[in-house]
Amino acid sequence: MSNSIKTWMMTAIMAICCLTASAQAKQRLSREQLAERQARHIAQKLALDDKTTKLFTDTYCQYQKEVWALGPKKEKKPETNAAESGEEKSERQIKAQFAHSQKILDLRQKYYGIYSTFLTQKQIQQAYQLERQMMRRLANRQTVRKPQKRNLR
């Protein structure tokens with residue numbers, strides 16, 4: 001084989017390897033992995049020691065699992081009942097939102113009590129602020145990634 005063919009083949013192999021590696025690096029994180037990464041980020045920002053970091057990470061991940069278990073905020077398939085008026089439907093949806101919000105509030109209060117056993121009040125407040133910032137950033141990233149519908153009139 002000539003040197004140019006060998007060089008071309010090596011270049012092609014290297015390109016394939018690089019593409020494969022970058023594709024693997026861009027795989028989406030699971031919910032659990034994302035929660036753990038968020039917890040470690042918060043712990044780092046709070047400058048927690050190793051023992052407290054482990055405790056915070058485990059507790060935060062458990063909190064996230066309980067929030068996920070509550071299910072989505074919105075109904076996926078609203079039940080259509082012909083006898084139900086628009087007012088009744090709206091009232092039912094509002095009450096369902098209140099119930100969901102209350103469940104989340106109950107969880108937040110439960111985990112506030114747990115966090116209070118190993119974090120200071122200032123650290124808990126900072127953790128909540130950091131969590132809120134991360135959620136906003138993720139939400140903004142989601143809206144940017146969604147293709148915008150164009151109105152073709």
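Brief remarks on what is shown
- Boolean, Ser30 is modelled with pLDDT of 65 or more, within 28 Å of Ser101 (Cα to Cα) and surrounded by fewer than 10 Cβ atoms within 10 Å (Cβ to Cβ): yes
- When segment 101-143 is limited to residues that are closer than 16 Å to Cys61 by Cα and charged (D, E, K, R), the one that is least open to solvent (accessible area, probe 1.4 Å) turns out to be Glu131.
- Looking across segment 32-57, the residues that are touching a residue at least 12 places away in the same chain (Cβ under 8 Å) and of a type in the set (Asp, Glu) come down to Glu32, Glu36.
The values are calculated or read from the model by the stated rules, or taken from the named source; none is laboratory data. Everything numeric in this text was worked out from a predicted model, so none of it was measured. Ideal geometry is used to build each Cβ from the backbone, glycine not excepted, and the neighbour counts take in all protein chains shown. We work out accessible area using only protein heavy atoms, side chains counted, and drop any ligands, DNA or RNA first. Shrake-Rupley method; radii C 1.70, N 1.55, O 1.52, S 1.80 Å.
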